[in-house]
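Data block below; observations after.
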Amino acid sequence: MNTLGFGFSEVGSVTALPCSGNKGVRLKRILNRKSIWVNLGLNNDGALKIGKKLECQKFKIPFGINVAKTNCRETADSDVGLKDYIYSLKTLRNLGNYFTVNISCPNAYGS
């Protein structure tokens, strides 16, 4: 991203546990509105696996990590959801220059 002139890069959203994402159509082009409908559902490998991938990376520009709560029924409970965020932040704490906490993802269960 540095070579393309970007000033920073951000990965995410990363959740505590792996998520396979939403079923069905995940991306759809809406031609008459010149837009894209996104319904990915936070598909990712989970904080532990992503953290292991990031440990051996070196970045020339500031690197951020976007953290969301795991997309499942259990994290719709506020206490469980908060613990989910905290797990991800603790797991990834030494790997990013900054963190974005995604608290309003419309693709998450219970949103």
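The values are calculated or read from the model by the stated rules, or taken from the named source; none is laboratory data. Source: prediction; values computed, not measured. Every residue, glycine among them, receives a Cβ derived from its backbone with ideal geometry; neighbour counts consider all protein chains shown.
Any residue at all in segment 30-40 that is charged (D, E, K, R) and surrounded by 15 or more Cβ atoms within 10 Å (Cβ to Cβ)?
Step one: of segment 30-40, the residues charged (D, E, K, R) are 33-34.
Those left that are additionally surrounded by 15 or more Cβ atoms within 10 Å (Cβ to Cβ): none.
No, segment 30-40 contains no residue that is charged (D, E, K, R) and surrounded by 15 or more Cβ atoms within 10 Å (Cβ to Cβ).
Which pairs do you get when a residue that is in contact (Cβ under 8 Å) with a residue 60 or more places away in the chain and over 13 Å from G96 (Cα atoms), found in segment 47-72, comes within reach of a residue that is hydrophobic (A, V, I, L, M, F, W, C) and assigned to a helix (DSSP H, G or I), reach meaning Cβ atoms under 6 angstrom, with the pair 6+ apart or on two chains?
none
Among F8, F59, which is more than 17 Å from Y87 (Cα to Cα), surrounded by fewer than 16 Cβ atoms within 10 Å (Cβ to Cβ), of a type in the set (F, W, Y) and under 17 Å from the mean Cα position of the chain (by Cα)?
Numbers: F59 fails: under 17 Å from the mean Cα position of the chain (by Cα).
Of F8, F59, the one residue that is more than 17 Å from Y87 (Cα to Cα), surrounded by fewer than 16 Cβ atoms within 10 Å (Cβ to Cβ), of a type in the set (F, W, Y) and under 17 Å from the mean Cα position of the chain (by Cα) is F8.
Out of T70, T75, T91, which single residue is of a type in the set (V, I, T), assigned to a loop (DSSP other than H, G, I, E, B) and touching a helix residue (DSSP H, G or I) at 6+ places or on another chain (Cβ under 8 Å)? Let's see the steps before the verdict.
On the way: T75 fails: assigned to a loop (DSSP other than H, G, I, E, B); T91 fails: assigned to a loop (DSSP other than H, G, I, E, B).
Sole residue among the options that is of a type in the set (V, I, T), assigned to a loop (DSSP other than H, G, I, E, B) and touching a helix residue (DSSP H, G or I) at 6+ places or on another chain (Cβ under 8 Å): T70.
Of the residues V38, V67, only one is within 17 Å of P106 (Cβ to Cβ), at pLDDT 90 or above and not aromatic (F, W, Y); which?
Numbers: V38 fails: at pLDDT 90 or above.
Only one candidate passes the filter, namely V67.
What do you reckon, is L40 in contact with a helix residue (DSSP H, G or I) (Cβ under 8 Å, 6 or more places away or on another chain) and either within 21 Å of S9 (Cβ to Cβ) or free of Cβ contacts under 8 Å to residues at least 40 places away in the same chain (or both)?
On the way: in contact with a helix residue (DSSP H, G or I) (Cβ under 8 Å, 6 or more places away or on another chain): no; either within 21 Å of S9 (Cβ to Cβ) or free of Cβ contacts under 8 Å to residues at least 40 places away in the same chain (or both): yes.
It is false that L40 is in contact with a helix residue (DSSP H, G or I) (Cβ under 8 Å, 6 or more places away or on another chain) and either within 21 Å of S9 (Cβ to Cβ) or free of Cβ contacts under 8 Å to residues at least 40 places away in the same chain (or both).
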